[in-house]
1. Scan region B:136-167 residue by residue and report those that are among the aliphatic types (A, V, I, L, M) and at the interface with chain A (Cβ under 7 Å from one of its Cβ atoms).
2. Can you tell me which of (1) on the phi < 0 side of the Ramachandran plot; (2) at pLDDT below 80; (3) touching a helix residue (DSSP H, G or I) at 6+ places or on another chain (Cβ under 9 Å) is the one residue B:81 doesn't meet?
3. Taking residue A:75 as the residue in question, decide whether it is crowded, with 24+ Cβ neighbours inside 10 Å and either facing chain B (nearest Cβ under 9 Å) or of a type outside the set (A, V, I, L, M, F, W, C) (or both).
4. Pull out all pairs, ordered by first then second residue, where Cβ-Cβ is under 6 Å, the residues are six or more apart or on different chains, the first lies in region B:154-181 and is in a helix (DSSP H, G or I), and the second is modelled with pLDDT of 70 or more.
5. Hey, could you check region A:6-58 for residues that are of a type outside the set (A, V, I, L, M), away from chain B (no Cβ under 14 Å) and assigned to a helix (DSSP H, G or I) and say which is farthest from residue A:120 (Cα to Cα)?
6. Given the structure, is residue A:92 touching a Leu at 6+ places or on another chain (Cβ under 7 Å), more than 10 Å from chain B (Cβ to nearest Cβ) and over 16 Å from residue B:51 (Cα atoms)?
7. On the given criteria, is residue A:102 over 30 Å from residue B:146 (Cα atoms), among the hydrophobic types (A, V, I, L, M, F, W, C) and either modelled with pLDDT under 85 or assigned to a loop (DSSP other than H, G, I, E, B) (or both)?
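The values are calculated or read from the model by the stated rules, or taken from the named source; none is laboratory data. In this text, all values refer to a predicted model and were calculated from it rather than measured experimentally. Positions of Cβ are generated from backbone atoms using ideal geometry, with glycine treated the same way; all protein chains shown enter the neighbour counts.
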Amino acid sequence: MENNKSGMTLFVKTSSRLVAVLGLIFGMHIILHGHLAPGGGFAGGVIIALSFVLLILAFGKDAALSKLSLKLASNLENVGALLFLIIGLLGFSGGAFFLNVLVKGSPFRLFSAGTIPLNNVVIGLKVGVGLFVIFLTLVILEKSKKEQ
Amino acid sequence: MELHILLIFMIFAAILAIEVKDLLSSVIAMAAVGFALCLAFLILKAPDLAITQLVVELLCLIILIKATIKKDLPLVIEGRWLFNTVSTLVFIIVFLFFSYIAMKELPVFGNPTMGLVRRYLLEEGVNKTGAVNIVSAVILDFRAYDTLGEVAVLFTSIIGIMAILRRKGRKEILEEDTNGK
């Protein structure tokens, strides 16, 4: 991140370093409050992916890849998809697929609504990492075409 | 009233996106259509859809610009002017005819047909799931099986993109590894 050769100018780097962290936190907030306020796993995951895309645009491909490599990203995506299926299969302990077996809790609390927050977190992980992988693949394709 | 202004704005922006020569301007005009759609969702009291529309539009805008900014799409119009105009007109007439038939079957705006389901969800949704956000309760509890299908679709699309766009095939990587050792 220290070499100034790759990526954009210093202004873009400094401001995007701040905005990317804020975007990451905002995406997590949207995911965790998905059962209380508008939002949810999909929107929050896309916001998290956007903060990583911002890092790629400002610092170049290598800086973002050092934070989250392509292999780790694709592994995380597989884990997200599997965990969602496992939460669905967990419902069979109560008798039906995707049954809300955990404790409901009182409404308007962060820890309430049984499996819905867990589903939100898993879908947010999967969507965020998945869209990041799509963007990364497009960028790598463009770079490799330039090299030829 | 605001809805009609937004719809007229969206139609003009969409026409602009087709007619403009520069690819970057066309992408930005499409983003204007998306933002107007986001505002329309907000006016129709659907904040969940508005958030999703906003972030997806933003991401698609960046991805489209990043992926297409260096390439020019070849557009061949010369020589086939008459054929293109006639086929476009025929398609527009057929599309308007069938959409008129389909529009007659739709329920009146603001009066959905499934009133019973809506009332049940609004009254019993909080008690059944404990989630205050009914949209979240529907897509992750009542209709979670559909969401599993969506997750499978996204998963398959990412596998397809990585398989098509990767730089080297698995065989080449294996051969390079064995040669290097």
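1. The answer is B:137, B:140, B:144, B:148, B:151, B:154, B:158, B:161, B:162, B:165.
2. (3)
3. Against the criterion (crowded, with 24+ Cβ neighbours inside 10 Å and either facing chain B (nearest Cβ under 9 Å) or of a type outside the set (A, V, I, L, M, F, W, C) (or both)), residue A:75 does not qualify.
4. Every condition considered, the pairs that remain are B:154/A:130; B:155/A:81; B:158/A:130; B:158/A:133; B:161/A:134; B:161/A:137; B:162/A:137; B:165/A:137.
5. A:11
6. Considered against the rule, which asks whether it is touching a Leu at 6+ places or on another chain (Cβ under 7 Å), more than 10 Å from chain B (Cβ to nearest Cβ) and over 16 Å from residue B:51 (Cα atoms), residue A:92 comes out as no.
7. no
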